[in-house]
Amino acid sequence: MGLAAMAKDILSEAGLHFDELDKLHMLDPEVTQQTIELKDEYKDSVGKIGQFQKIVAGLLELVDHLAKEAKNEKMKATGAQNLPKSIAKQREARQQQLQALIAEKKMQLERYQVE
């Protein structure tokens, strides 16, 4: 076993490792590679989460818009249901006004006939 190999073994036992460029590292090259892969997977996951959040935000906006449209349509339907009732009440009120006017004119006519 050569001196360089012995030195590498001693350093490895001490928790120090050389990479392929003979740079000294405190982490085992395999652990370093796993850390890099984990970091890349994390970045991908963060990107996917960001995309998911955009999709959810778009869906929430769509649901909110549809809820407002449904509320407007419900109000229109309620108004349409109440319209005939409103027209009938207006007609009844107008009829009462006309009957009162007829009664007043009859009384006026009777007064003129008496005179």
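The values are calculated or read from the model by the stated rules, or taken from the named source; none is laboratory data. If you're wondering where the values come from, they're calculated on a predicted model, not measured in any experiment. Note that we place each Cβ from the backbone using ideal geometry, even for glycine, and neighbour counts take in every protein chain shown. The protein model used for the area step is the full one, side chains on, heavy atoms only, and it has no ligands, DNA or RNA in it. Shrake-Rupley method; radii C 1.70, N 1.55, O 1.52, S 1.80 Å.
Points to keep in mind about this one:
- Among the residues of region 90-112, not a single one is outside any helix (DSSP H, G or I) and not polar (S, T, N, Q).
- Single condition Glu41 does not satisfy, out of (1) surrounded by fewer than 10 Cβ atoms within 10 Å (Cβ to Cβ); (2) acidic (Asp, Glu); (3) modelled with pLDDT of 90 or more: (1)
- Selection of region 65-115 for residues being of a type in the set (Asp, Glu) and open to solvent by 100 Å² or more (accessible area, probe 1.4 Å) yields Glu73, Glu92, Glu104, Glu110, Glu115.
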